[in-house]
Every structure is written in C-alpha cells, then in structure tokens.
Amino acid sequence: MSRQHAHHHHEPGPGSGHDHRHPRASPRHRLVRLLTPHSHETAGKLDPALESSARGMRALWVSLAVLGVTALAQAAVVAVSGSVALLGDTVHNAADALTAVPLGIAFALGRRAATRRFTYGYGRAEDLAGVVVVLVIAASAAFAGWTAFGRLLDPRPVAHVPAVAVAALVGFAGNEWVARHRIRVGRAIGSAALVADGLHARTDGFTSLAVLLGAGGAALGWRLADPVVGLAITAAIVLVLRDAAREVFRRVMDAVDPALVDRAERALARVPGVRGVGELRLRWIGHRLRAEVAVVVDGGATVREAHRIAVDAEHALLHAVPCLTAALVHADPEPVPGETDPHLALVHHGARRAS
C-alpha cells in the first residue's frame, strides 16, 4: 500500500469548498453554531474549538472588568494615602488587566480560517501571547523587587493605614478571583497562555498581601515592615514566574502530557482492524490538539478497508483525547517475513520508520 493512499485526514486544506469553519458566516450564524450541540461528524468537528475560543474570550473580558474596578478602587486610596507600596500594587493590577489585550487578540486570530500560507491556522498566536504574559510577570517581579529595595534604603511613613489595608484586601480578593477563573477556564479549554495569565493575576494578589502586611507593620511602628515583606513577596512572584515560564516553554516546544499519549494508544488498540500502533505524535496549536499516528493493518486489506480502519481510528481518538480536533492516520501493512520494508526508500531523507 502506497504512502499516499494510506493517509486519512478529515480536515480539508485552506481554500477547499468543505472548510468546516465557515469563514464567511455571519455573526448571528456563528452564534447559532456555538450554541448548537455538536457531533463528531465532519461538518461539526471544529465546533468545540470555536466554543472554547469564545469561552476564553469571555473569561478575558470578565477578568478585565474585575481587575479594572479593583485598580480604580486602589487608585482612589493611593491619591489620599500617598502609599508607594499600594501604588505599585495598583500598577500591577492595571498591567494584569491589560494582559487581556494580547490574549484577546490571540483568541480572535485563532478563530480565523487557515490560509495557503498559514495552513494550520493561527492557533500559535496563543503561545506568543503566553510569552508576552511571562514577560509581564517578569517585569512585575522586577518592579516589585526594585520598589521594595528602594523602600528598604529610604523608609517612608504610610498615611491612612486602615484605608491602605482595606485597599490591599480588595486587591487580593479581586486578583485571586480572576486567577481562579482564568486558570479554571484555561485548563478546561487547554490554553497555556490563559493559565499563565491566571498565574500572573495570582502574583499580583501576593503583592496585595505584601501591602497589607506592610501596613500592619507600619501600624505597629515598624517602618521596615513594608519593604521586608515586599522582598519576600518578590521571591514568591519569581517562583510563580518559574512555573508559568515552564508551562509556556513546554507548549512552545510541543510538549504534551504523557497521559494523553497513553490514552490515545489505548483507544487505538481497541479499534477493530488495528493490529498495532506505531509512531504517535500529539501537538498543541493554541488550545487545540492535533494528532499524527501510524497504525498497522492487515497487509492484504484493500484500500477501502484500510481507509475504513483509519476513519474508525480517528473517530476513536476524537472520543478519547480531550481538545483533539483533527488526526492524520497512516495505515502501515503488517510486515511479512522476507518482505522488503516499503519505507526504505525514505531512509536517505532522514525519515524514521513509524513501525
């Protein structure tokens, strides 16, 4: 069986008359499609991806509203108290709210139809947005550390301590709610960028706690309380930065949870006609998964029979692997003793055998 006929892929290329994403559909039609229950039939396969993008956008705008209100409330207290620590926390909250902008752009780009240049679509924009978020977290850590160190060298009294303490609690509550919301939605739709942005919101919540503890220390007469606690919180932010950077780095490097690979292999092994599973690859494109796999079938099977097995294999993967929107299945004939490996012609191209 030739390699050309052994492949099976349900997702047509850009420009095809069967583009499932309906790039010319009206906004009303897109909304109806998002609210209509989907199946794994060809015409509806990408509905879950569109729905997850819409869910991510909603999470971003809700977060932007909550953090915007939080920052405005804190700014009012900064104006009357002159607290430099609270000013830094306000700046952090404003910056965290603004990270919704690159993520929102990424989600909007990810919903665009593939083109002849971007044949896989624009889902990778989310990974780039994740890098931006990590850089913002790093900048927040640097700013928090610099501010705390400056306060350590030049302690300043804090006026209206009770108001500063209340503003710090407001900042912590707002950031923690946003962090939980973003992380929950990000993990549900498989968006590393949204999870990283949720972690960033949590770092600003830690900064708010630093302001609260510093205000408590100032109320007790310890002028160095605010900068000392600020330095400790800076260290905590660096730890969160490490986790967020690791997650985004893994996504950029096409890393997936090995448990997903195990689940996919088990699903393929149960497909009638599949006699073995060769090379299996999974990769994230934004918050969507794609799969490439080679399955071993009866060497005497006809092209139609092998194609049916490939269809069944893809269908099994769609049910077994969360966030999977497309699979490329290659059917290899079961080896026969003494038969020449049909993949030998590819060896000089550096291709590795899938089985």
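Bear in mind that the values in this text are calculations on the coordinates, not laboratory data. Note that this is a predicted model, so its numbers are computed, not measured. Neighbour counts are summed over all protein chains in view; Cβ atoms, including those assigned to glycine, are modelled from backbone coordinates with ideal geometry.
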field: Relative contact order, percent, the range 256-349 [alpha-carbon distance under 8 Å, six or more residues apart]
entry: 29 percent
- line: Long-range amide H partners of residue 278, meaning residues 5 or more apart or on another chain whose placed amide H is closer than 5 Å, are 294, 295, 296
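Which trypsin sites (Lys or Arg not before Pro) in the range 59-162 sit in a loop by DSSP (not H, G, I, E or B) and have at most 11 other Cβ atoms within 10 Å of their own Cβ?
116, 117
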task: Would you please give the FRET efficiency between residue 339 and residue 173, computed as 1/(1 + (r/R0)^6) with r the Cβ-Cβ distance and R0 = 51 Å, to the nearest 0.05?
output: 0.15
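Against the 2.2 N^0.38 Å scaling, with N counting residues, where does the range 46-252 land? I'd like the Cα-based Rg ratio to two decimal places.
1.09
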- line: Inter-part gap, Cα centre of the range 317-339 to Cα centre of the range 104-148, in whole angstrom, is 32 Å
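Taking the Cα centre of the range 46-252 as origin, work out the dipole magnitude from +1 charges on Lys and Arg Cβ and -1 charges on Asp and Glu Cβ, in debye rounded to 20.
600 debye
Which whole-number percent gives the relative contact order of the range 46-252, counting Cα pairs below 8 Å spaced six or more residues apart?
The value is 26 percent.
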task: Set the Förster radius R0 to 56 Å, insert the Cβ-Cβ distance between residue 315 and residue 75 as r into 1/(1 + (r/R0)^6), and round the FRET efficiency to 0.05.
output: 0.55
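What does the charge add up to near residue 127, with Lys and Arg as +1, Asp and Glu as -1, over the other residues with Cβ less than 15 Å from its Cβ?
+3
Please work out the FRET efficiency for the pair residue 116 and residue 222, using the Cβ-Cβ distance as r and a Förster radius of 56 Å; give the result to the nearest 0.05. Numbers along the way, then the final one.
Values: r = 65 Å, r/R0 = 1.17.
The pair residue 116/residue 222 has a calculated efficiency of 0.30.
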message: Net charge within 13 Å of residue 336 by Cβ-Cβ distance, Lys/Arg positive one each and Asp/Glu negative one each, not counting residue 336 itself?
response: -4
The range 256-349, Cα convex hull volume normalised per residue, Å³: 113 Å³
- line: Given backbone amide H placed at 1.01 Å from N, residues whose amide H is under 5 Å from that of residue 299, ignoring those fewer than 5 places away on the same chain, are 334
